[in-house]
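What follows is calculated from the coordinates using simple rules that are stated; it is not laboratory data. Everything quoted here is computed from the prediction, not taken from an experiment. As a convention, Cβ positions derive from the backbone with ideal geometry for all residues, glycine included, and neighbour counts pool all protein chains shown.
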Amino acid sequence: MQRFIQKLKTERAALLICFALAMMVWGVFGQTLRHEFVNFDDNRYVYENPDVPLGLSRAGTARAFTQRYVGIWLPLTMLSYQLDHELSGMNPSAFHRTNVLLHGAVVLALFLVLRSMTGSLWRSAFVAALFAIHPLRAESVAWISERKDLLSGLFFMLTLGAYAHHARVERSQERMAVGRYLLVVLLFALGLLSKPMLVTLPFVLLLLDFWPLARVEPVGARKLLLEKAPLFLLSAIFCAVAVWTQRDTVTTNADVTFLWRLGNAAVSYAVYIKQMIVPLRLSMLYPHPGTGLPLWQVSASLLLLTTISLTTIFFWRKRPYLMVGWLWYLGMLIPVIGIKQVGIHAHADRYTYLPQIGLYILIAWGATELSARWRNHRIILTATAIAVLTGLGVTAWVQTSHWQNGEALWSHTLAHTQDNRIANYNLAKALERHGKIEMAIEQYRRALRVWPEDVDAMINLGCVLAEQNQFKTASELFRRALEIKPDSPEAHTDLGIVLAKQGESKPAIEHFKQALKKKPDYPEAHLHLGLALAKQGRVDDALFHLQQAWKIAPDSATGQYSLKVAQKVLQEGMPLR
C-alpha cells in the first residue's frame, strides 16, 4: 500500500512537471504569435512558396515529396506548412503557433523518455527545463523556417521512446520484438523526412545501450551493432540524398582548406559550450572567418575538447553518463559542424537544438552526484536550479523578442557581429519594405564595402536608386553586376528597365532577351519586353510576352499588370503611349 501511495505521488509530481514545462515554453515563446515572417528563408519556405497554398491536396503532397526547398529535401516539414495554410491561410501567427506547440511537445517527450529510461524524475525534469527555455532555442522556435528542427526533434524523441520500450521487453516477448523494432525504424524514417540532420540517431541509440539502458553486457556489442544495421542503412541513404540536394549550397571557396574547416569545427564545438554557459551576444548569422581564424582560438578549443574527452574516458566506468552525454554532443553535431561547409556561416544557434541535450544530461547527473555528500545538498541544488532557469528564461524571452520582424532581427545581428554583409543586405531589404529608403541605401552600401563583388547588393541598390531617378548610378551598378555575373537575368532585366526609361529601347530589348535566354520563365523580363515591344508598335510580339508573364505568375502583381496591359494593347491595337 505504501509503495502504491508513493507511486501515486510520483505520478502526480510528473504531471505537475509536465504542466510547468508547458508553461515555461509558453511564457518564453508565446510572444511569437505576434511576430511577423522574417525576410530570410521564410519567403522561400512559406510566404512566396507557390507549393504552400496548395494545401494538403494531391498536388501539394506530390510537390512536397518531389521538390527540394533551399537545397534540402524535407517533405514532412513542407506538409506541415501546407497544413497550417489549409487551416489558417498565410497568417504568420498560425505558423508561429505550430512552432511553439511542436517545441512544447518535444520538451514533454524529452522529459518522459528520459525519466522512463533513467528512473530519475527531477534530473530528467531539469534536463527538459534547460532544453525548453535556453536562449539558444530562440532561433529554432521563433524562426518559422526552422520548423524542421522541431518536427524532426519530435520524431527523434518518439524514436528514443520506442527504442527504450523495445529494449525493455525484447527478451520477455520475442514474438512482439519485430513489430516494436519496425516502429523504431518507421519513426526514425519520419524524422529523416523532416530534417536529414537526424542521420546520427543510430549512434545515439548505441550510446543509450551503454547508459542508461545497460544492454551491452546482457545482449553483446556485436548484436547491438547488427541490430542498428537497418538504421545505419537509412542514415547512409539520407546522407547521400542530402549531399546531392545541397550540391548548389556547398561552399567551394578554395581558400578554406580542409585544415581550416577542421579548425573552425573545433572552435564551433567550444563556442557552443561557451554559449550554453553564457548565452549572450547571440546572433542570427555568424560570418565564416575563412582563413582569418586566429590560431590561438583553434589551439584553446582543441585543448578544451581534449581535456573534457580525457576526463569522460577516465570516469567511463563509474560515471558512464559523462561519456554518453559528451559523445551525444560531439556526434550529433558532426553533420553540421562545418567539415563539409554549407553556406557562409561559421556556426549557428539552431544546430544545438538536439546535440546540446547530451551536455544537459552530463550537467544534471554530474551536479547531483558531485553534491551528494554536501550538507543540505537538495536545498542547494533546488535553489541553484531555480536561479539558473530564471536567468535563462529571461534571457531567452529577450532573445526571442528580436525575432519580431526582419528589421529588428538584422539590427540585433549587426549589433553583435562584424563585417556581416548578409545582415547588412537583409536589413536593407527590410528597411526598403517599410519605406525607409535612405537607411536602406546606406545598408546596401555597407554590404558592398564588406564585399565589393556582392551582385545581389548591387542589383538591389541599383533598383532603389533607379526609383529615385538616379539612372546613371543605377546603370553603372547593373553593368558592374554583369561584369561579375554576365548571365544574371535580374541584372539584365533591371538594366533594360533603366535604359527603357531613358528612351533607349533597342539596347533595353536586347537585355530583356538576354535575361530570357538564361531564365525563360522570368515574368518580369517578359513583362518589360512586352512593354518595350508595344511601344515600338510590335503588337503581336508584345502580346506574346505579356501573356507569357501572366501565364507564369497569374496571381502575382507582375502577372496581373501584364494581363491589364495586354488587354489595353488588344483594345487599342496600336503602340502604347
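Some notes on this structure:
- Taking the range 377-464 and dividing mean pair separation by its residue count, relative contact order in percent (alpha carbons under 8 Å, at least six apart): 19 percent
- Mean Cα-pair separation over length for the chain, i.e. relative contact order, pairs under 8 Å, 6 or more apart, %: 12 percent
- For the range 336-375 versus the range 172-237, the gap between their alpha-carbon centres in whole angstrom: 22 Å
- From phi via Karplus (6.51, -1.76, 1.60), per-residue ³J(HN,Hα) for the range 346-354 in Hz, x at Gly/Pro: 7, 7, 8, 4, 5, 5, 8, 3, 9
- SER299-ASP487 pseudo-label distance in nm [points 7 Å out on the Cα-to-Cβ vector]: 4.6 nm
- Calculated FRET value between LYS518 and LEU101, using beta carbons and R₀ = 25 Å, to 0.05: 0.05
- Ordering of 220-228, 390-398 by burial proxy (mean other Cβ atoms within 10 Å per residue, highest first): 390-398, 220-228
- Each of ALA508, GLN468, ALA430 was placed along the dipole of the range 418-519 (beta-carbon charges, centred on the mean Cα), and the one lying farthest toward the positive end is ALA508.
- Angstrom value of the Kirkwood radius, inverse mean 1/r, which spans all Cα pairs in the range 418-519: 13.6 Å
- Computed over the alpha carbons of the range 433-577, Rg followed by Dmax gives 15.7, 51 Å.
- For the pair the range 87-117 / the range 257-308, the C-alpha centres are spaced 30 Å from each other.
- Geometric descriptor of the range 482-554, per residue, is 71 Å³ (volume of the convex hull of the Cα atoms).
- A full extension of the chain between GLN567 and VAL169 corresponds to an added length of 136.1 nm, given 0.36 nm per residue minus the alpha carbon distance.
- Backbone phi angles across the range 489-500, fed through the Karplus curve with coefficients 6.51, -1.76 and 1.60 (θ = phi - 60°), yield HN-Hα couplings of x, 5, 5, 4, 5, 5, 5, x, 4, 5, 5, 5 Hz in residue order; Gly and Pro are listed as x.
- Maximal additional length on extending the GLN547-ILE379 stretch stands at 53.0 nm, based on 0.36 nm per residue less the C-alpha distance.
- Measuring how big the range 37-90 is from its alpha-carbon positions, Rg and Dmax come out at 10.1, 29 Å.
- Basic side chains Lys and Arg get +1 at the Cβ, acidic Asp and Glu get -1 at the Cβ, and with that the dipole of the range 418-519 about its Cα centre reaches some 160 debye.
- Where labels lie 7 Å past Cα in the beta-carbon direction, separation of ILE277 and LYS501 in nm: 5.5 nm
- Share of Cα-Cα pairs in the range 254-309 lying beyond 18 Å, as whole percent: 36 percent
- Most tightly packed first, judged by the mean number of other beta-carbon atoms within 10 Å of their residues, the peptides 540-546, 83-89 read 540-546, 83-89.
- Between SER411 and ASN469, the simple spin-label model (points 7 angstrom out along Cα→Cβ) gives 3.1 nm.
- Each residue of the range 180-190 is assigned a 3J(HN,Hα), and the resulting list reads 5, 5, 4, 5, 4, 4, 5, 5, 5, 4, 5 Hz, derived from the Karplus form 6.51 cos²θ - 1.76 cosθ + 1.60 (θ = phi - 60°), x at Gly and Pro.
- Enclosed volume per residue, in Å³, of the convex hull spanned by Cα atoms of the range 521-577: 58 Å³
- Between VAL342 and THR251, the built amide H atoms are under 5 Å apart, and every one of these is 5 or more places off in sequence or on another chain.
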